[in-house]
């Protein structure tokens, strides 16, 4: 069999559909629901100007934070903490196990510790310590985990679908 391997910026819709269907079939065969949904939480002032954005996704029983961005003039004013708190409040009680993220040493590891995240693992970069990665996690307390699990025919436990594709948050 002849084949080719190529790097691409984006796969075609047909390739994406084929891959997704096969991944979902594999996960389903193991009783797992991938539960993958991208979303953003947008923080705006009363004039509609964007102050910050949190980009994340759900996968299995976890919420993974991709990015938190606060507009430069508004940094250090507690807006990052407000975005994290909104994320926690939104998913609390909805069957998820944890919120997790990865940050570099030059970014904000101390910020996440102050917000109650625990360093789970550190991948040291000895050639460029600014790029040392810290993997953080924050578990939901006393949470019954229903996300990421397909409906159990015997117990009748169903997976909740509670994510919203886009959500705007306003603060007084």
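Only the coordinates and a few stated rules stand behind these numbers; no lab work does. Quantities reported herein were computed from a predicted structural model and do not represent experimental measurements. Positions of Cβ are generated from backbone atoms using ideal geometry, with glycine treated the same way; all protein chains shown enter the neighbour counts.
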Practice item. Starting with the highest mean, order 124-136, 6-18, 58-70 by the number of other Cβ atoms within 10 Å, averaged over the residues of each peptide. Key: 58-70, 124-136, 6-18
Review point. Counting pairs of alpha carbon atoms under 8 Å apart in space and at least six apart in sequence, what relative contact order in percent does the chain give?
Key: 24
**Study point:** Label zone at residue 74, where the point sits 7 Å out along the Cα-to-Cβ direction: the stretch 27-49 residues whose backbone N lies under 16 Å
**Key:** 40-49
Review point. With each run of n ≥ 4 DSSP H residues scored as -39500 (n - 2.57), what mean residue ellipticity at 222 nm is computed for the chain after dividing by its residue count and rounding to the nearest 500 deg cm²/dmol?
Key: -6500 deg cm²/dmol
Revision key, fill the gap. Between the Cα axis of helix 13-29 and the main Cα principal axis of the chain, the angle (0 to 90°, nearest 10) is 80
Exercise for review: Compute the long axis of helix 79-91 from its Cα atoms, compare it with the longest principal axis of the Cα atoms of the chain, and write down the angle in degrees, 0 to 90, nearest 10.
Suggested key: 30
**Study point:** Contour excess over end-to-end distance, with Cα ends at residue 106 and residue 24 and 0.36 nm allotted per residue
**Key:** 25.8 nm
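Counting DSSP beta bridges in the chain, what percent are antiparallel, to the nearest 5?
Numbers: 29 of 37 bridges.
Counting only bridges with both partners in the chain, antiparallel ones make up about 80 percent.
Nearest 0.05, what FRET efficiency do residue 6 and residue 81 give at R0 = 41 Å with Cβ-Cβ as r?
Plugging the Cβ-Cβ distance into 1/(1 + (r/R0)^6) gives 0.45.
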